Amino acid sequence: MSVEKLFEKHAKKINGEKGVNDNILVFTLSTCMWCKKCKSFLNDRNMTYRYIEVDKIELQDKSKILDYLKSTYQERISYPFLVCEKGYVAGYNPNKYVELLEN
């Protein structure tokens with residue numbers, strides 16, 4: 001299964017009025033307070049986004065997704081890991097979210 005199909009299979013969509021064309025995808029952990037803050041940041045700004053709770057998917061799918069992220073972004077994976085049309089942010093960083101999403 002392609003990584004794009006894995007994203008479709010596991011991603012939950014939150015509909016907002018903004019960011020529809022930014023194709024925002026956030027990789028999170030269900031128990032991570034920083035991941036929850038990231039989703040709150042997006043919700044508070046009425047952004048449309050998708051998220052995948054990486055700790056709640058099958059090990060095989062999780063491995064494929066993590067390999068894809070590491071090879072594509074050449075970055076140590078830390079959560080939340082936000083990806084959009086204009087770039088990505090590893091970890092919770094609201095200032096970088098503003099730079100990517102609100103300009």
Exercise. Out of the residues in region 66-103 that are part of a loop (DSSP other than H, G, I, E, B) and among the basic types (Lys, Arg), which is surrounded by the most Cβ atoms within 10 Å (Cβ to Cβ)?
Worked result: LYS86
Problem set entry | Single unsatisfied condition, THR28 versus (1) among the polar types (S, T, N, Q); (2) in contact with a helix residue (DSSP H, G or I) (Cβ under 7 Å, 6 or more places away or on another chain); (3) modelled with pLDDT under 95 | (3)
Seminar exercise, completed: Only unsatisfied item for LEU6, checking (1) more than 14 Å from TYR97 (Cβ to Cβ); (2) surrounded by 18 or more Cβ atoms within 10 Å (Cβ to Cβ); (3) modelled with pLDDT of 95 or more, is (3)
For this session: Return the pairs, sorted by first residue and then second, in which the second residue is modelled with pLDDT of 95 or more and part of a loop (DSSP other than H, G, I, E, B), the first residue lies in region 56-75 and is among the basic types (Lys, Arg), the beta carbons are less than 9 Å apart, and the residues are 6+ apart or on different chains.
Result: LYS56/LEU29; LYS56/SER30
Exercise. Is there any pair linking a residue in region 20-34 that is on the phi > 0 side of the Ramachandran plot to one that is in a loop (DSSP other than H, G, I, E, B) and at pLDDT below 95, with Cβ under 6 Å and at least six apart or on different chains, and which?
Worked result: ASN23/GLU85
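The values are calculated or read from the model by the stated rules, or taken from the named source; none is laboratory data. In this text the structure is predicted, and so the values were computed from the model without any measurement. Reconstructed Cβ throughout: ideal geometry from the backbone, glycine too, with neighbour counts over all protein chains shown.
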